[in-house]
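The structure appears right after this line, and notes come after that.
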Amino acid sequence: MGLMNTLEEDDRQVAELILKESKRIEEGIELIPSENFTSKAVMQALGSVFTNKYSEGYPRKRYYGGQEWVDGIEELAIERAKKLFGAEHVNVQPYSGSPANQEVFFALMNLGEKFMGLDLSCGGHLTHGSPVNFSGKHYKCIPYFVDRETELIDLDEVRKAAKKENVKMIISSLTAYPRKLDFKGFQEICDEVGAYHFADISHIAGLIAGGAHESPFPFTDVVTTTTHKTLRGPRGAMIMCKVEDRLHDKYHKDSQKNLAQLIDSAVFPGLQGGPHDNNTAAKAVAFGEALQPEFKDYAKQIVRNAKALADELMAKGLRLTTGGTDNHLMVIDLRPKGLTGKGKELQHAMDEAGITLNKNTVPYDPASPFNPSGLRCGTPAITTRGMKESEMKVIGSAMAKVIDNHPNASVLAKIREEIRELSKQFPIYPGMGILE
Ligand code: DSN
């Protein structure tokens with residue numbers, strides 16, 4: 001076996017598993033709202049020679065030789081990201097969302113200081129203060145929750161707690177909250193209490209880039225995002241921020257660094273080593289794609305599809321938290337169907353029917369996070385493959401059938417066949433011969 005053989009020649013076992021995964025995604029319906037399908041061009045950049053390079057440092061200020069072309073790639077990714085989001089400063093080196101968030105804490109907070117984040121059980125993220133995560137272990141999280149009745153974020157409650165606790169940072173973000181975030185409202189609270197405003201837009205970055213969701217710019221100090229969700233790029237992340245530190249005199253008066261420098265040095269050398277240059281190349285490709293006018297249509301279609309799917313699920317008698325969706329995702333509340341704590345069972349049943357989603361807590365879930373009472377689903381991936389409102393009706397109706405008949409294997413097998421027939425009409429990677 002030679003060094004330059006193809007994967008199929010070199011490692012049949014791995015090649016076969018990749019083919020099986022390709023078949024799974026082509027024949028099924030992907031509803032995990034944080035997943036998407038990149039373009040072939042993004043995957044080509046990921047598999048390029050840049051995977052071999054080391055380039056600690058930043059463009060024009062590296063530690064190793066051979067950087068003639070890496071600098072160009074990183075600068076291109078930065079320029080495209082700035083244009084896409086209207087950001088003043090961008091760091092494209094974070095390996096993924098959790099490291100990016102850790103880097104923001106490292107840049108702005110001292111250990112033990114107070115901040116606020118949306119509680120995981122109400123649709124927040126582990127890195128926004130969960131007690132089992134670095135953010136909750138090393139800093140003091142004052143969580144905020146959604147209202148018990150409306151299941152919406154109540155900014156008056158956030159304001160009250162922020163004032164009482166005198167927090168240094170407030171995170172505005174979501175991973176399972178189906179409504180728009182009021183970034184301007186969060187910023188007003190941050191201004192009133194003298195706190196940094198940190199927006200984690202990982203889930204909605206593509207919607208923002210495409211004009212289908214309010215942007216956190218120019219309100220926030222720091223914004224992180226993964227690049228692989230609605231933004232449809234490679235697995236990875238970036239941090240965007242203002243150049244000047246609005247709160248420099250209050251918190252960093254002994255530092256000569258502005259906000260952009262604080263963030264950059266938290267990424268490297270603070271918490272990371274060499275950037276993954278193949279990933280940077282793929283990010284540049286994805287940002288270039290998101291700058292095209294078609295991406296605006298894509299982002300708007302994700303939201304239209306989510307509304308259509310939500311309407312169909314509700315028409316079939318299912319309850320959605322908050323009563324619907326404004327973005328790309330929704331959470332089905334299984335409790336009214338007598339299925340409290342059955343999220344895991346239903347996730348498996350959906351798998352059997354060829355529909356991929358994830359179990360999720362509903363706000364104030366009486367059941368445990370391992371066996372919660374909700375299902376989270378979303379439309380970024382199915383929109384990428386070209387599906388529209390009429391397909392959402394078919395999918396929503398199939399999901400309701402799974403929920404109503406889930407112990408019945410023959411019903412699930414029949415739905416799987418229908419799902420396969422639908423999927424075949426919307427190939428993800430045409431010409432790869434997966435379904436032949
Ligand atoms: N795992 C991601 C999600 O599904 O929302 C967040 O990190």
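Quick notes on this structure:
- Residue-level analysis places Glu188 outside the set of residues that are farther than 27 Å from Pro234 by Cβ, touching a strand residue (DSSP E or B) at 6+ places or on another chain (Cβ under 8 Å) and acidic (Asp, Glu).
- Test: residue in segment 57-72 that is farther than 30 Å from Leu329 by Cα, in a helix (DSSP H, G or I) and over 28 Å from the mean Cα position of the chain (by Cα): no
- Taking the conditions (1) surrounded by fewer than 16 Cβ atoms within 10 Å (Cβ to Cβ); (2) without any contact (Cβ under 8 Å) to a residue 40 or more places away in the chain; (3) touching an Asp or Glu at 6+ places or on another chain (Cβ under 8 Å) in turn, Glu421 satisfies each one other than (3).
- Number of positions in segment 25-50 that are closer than 15 Å to Phe426 by Cβ, more than 16 Å from the ligand (Cβ to nearest atom) and under 22 Å from the mean Cα position of the chain (by Cα): 4
- For the condition polar (S, T, N, Q), under 20 Å from Thr224 (Cα atoms) and buried (at least 23 other Cβ atoms within 10 Å of the Cβ), Asn133 does not qualify.
- Close pairs from segment 257-275: first in contact (Cβ under 8 Å) with a residue 40 or more places away in the chain, partner part of a helix (DSSP H, G or I) and of a type in the set (Phe, Trp, Tyr), Cβ under 6 Å, at least 6 apart: Ala266/Phe106; Gly270/Phe106; Leu271/Phe106
- Test: Ser130 is touching a Leu at 6+ places or on another chain (Cβ under 7 Å) and within 16 Å of the ligand (Cβ to nearest atom): yes
- Sole residue being under 23 Å from the mean Cα position of the chain (by Cα) and either under 15 Å from Asn305 (Cβ atoms) or modelled with pLDDT of 95 or more (or both), chosen from Ser373, Ser410, Ser397, Ser390: Ser373
- Selection within segment 340-352 - in a loop (DSSP other than H, G, I, E, B) and crowded, with 20+ Cβ neighbours inside 10 Å: Lys342
- None of Gly65, Gly57 is of a type in the set (Gly, Ala, Ser) and closer than 21 Å to Ser96 by Cα except Gly57.
- Residues that are more than 16 Å from the ligand (Cβ to nearest atom) and not hydrophobic (A, V, I, L, M, F, W, C) within segment 217-241 comprise Pro218, Thr220, Asp221, listed in sequence order.
- Some residue of segment 232-241 being among the hydrophobic types (A, V, I, L, M, F, W, C), assigned to a helix (DSSP H, G or I) and either touching a residue at least 60 places away in the same chain (Cβ under 8 Å) or at positive phi (or both): no
- Within segment 88-120, being away from the ligand (no atom under 14 Å from the Cβ), on the phi < 0 side of the Ramachandran plot and surrounded by fewer than 21 Cβ atoms within 10 Å (Cβ to Cβ) holds for Glu88, His89, Phe106, Met109, Asn110, Leu111, Glu113, Lys114, Asp119.
- Single residue of Glu192, Glu214 found to be modelled with pLDDT under 95, in contact with a helix residue (DSSP H, G or I) (Cβ under 8 Å, 6 or more places away or on another chain) and more than 16 Å from the ligand (Cβ to nearest atom): Glu214
The values are calculated or read from the model by the stated rules, or taken from the named source; none is laboratory data. Please read all numbers here as calculations on a predicted model, not as lab measurements. Neighbour counts run over all protein chains shown; Cβ positions are idealised from the backbone, glycine included.
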